[in-house]
Amino acid sequence: QVQLVESGGGLVQAGGSLRLSCAASGRTFSSYAMAWFRQAPGKEREFVAHISTSGYGKYYADSVKGRFTIAKDSAKNTVYLQMNTLKPEDTGVYYCAARGTDGVINVADAYDAWGQGTQVTVSS
């Protein structure tokens, strides 16, 4: 099973940018569909973005569309989440997730592997 490690979180002012990285182990990384979810204090984990196994299909939650970009570098076994124009409501722990096939994209239970999460805090 693939192992995932997130990095890149931190504290940023509203309007700023961060880039999250998710490094994956395993030789079959290119065959995984990847996603980012986030969880704010007292709230359920919510879908943020997804990239298909091929890397061509990209999907975003309405709340981040136009501001966040997901990308996959199979040579580096890494998936990225570029976050621009950050808002205080983007604050939360961001989790990387992987699944071995394409399909349902925005349901957490559909993913087989998860990272430990990285904290993103956006101050107003």
Accessible area in the full protein assembly, largest first, 1.4 Å probe, for 36, 114: 114, 36
R0 of 25 Å, Cβ-Cβ distance residue 87-residue 23: FRET efficiency to nearest 0.05: 0.40
Using θ = phi - 60° and Karplus 6.51 cos²θ - 1.76 cosθ + 1.60, couplings along segment 99-110 (whole Hz; Gly, Pro as x): 9, x, 9, 6, x, 4, 10, 10, 10, 4, 5, 7
Nearest-0.05 FRET efficiency for residue 43 and residue 112, computed from C-beta distance (R0 25 Å): 0.60
Whole-Hz ³J(HN,Hα) from phi, Karplus 6.51 cos²θ - 1.76 cosθ + 1.60, for segment 56-70, glycine and proline x: 8, x, 10, 9, 9, 5, 4, 5, 10, 4, x, 10, 10, 9, 9
Per residue accessible area of segment 1-121, 1.4 Å probe, in Å²: 50 Å²
Those trypsin sites (Lys or Arg not before Pro) in segment 1-99 that DSSP places in a loop and that have at most 12 other beta carbons within 10 Å: 27, 43, 65, 76
Residue 48 long-range amide H proximity, modeled H, under 5 Å: 36, 37, 38
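The values are calculated or read from the model by the stated rules, or taken from the named source; none is laboratory data. Owing to the predicted nature of the structure, the values given are computational and were not obtained by experimental measurement. Cβ atoms come from the backbone with ideal geometry, glycine included; neighbour counts cover every protein chain shown. All accessible areas refer to the heavy atoms of the entire protein, side chains included, with ligands and DNA or RNA removed. Shrake-Rupley method; radii C 1.70, N 1.55, O 1.52, S 1.80 Å.
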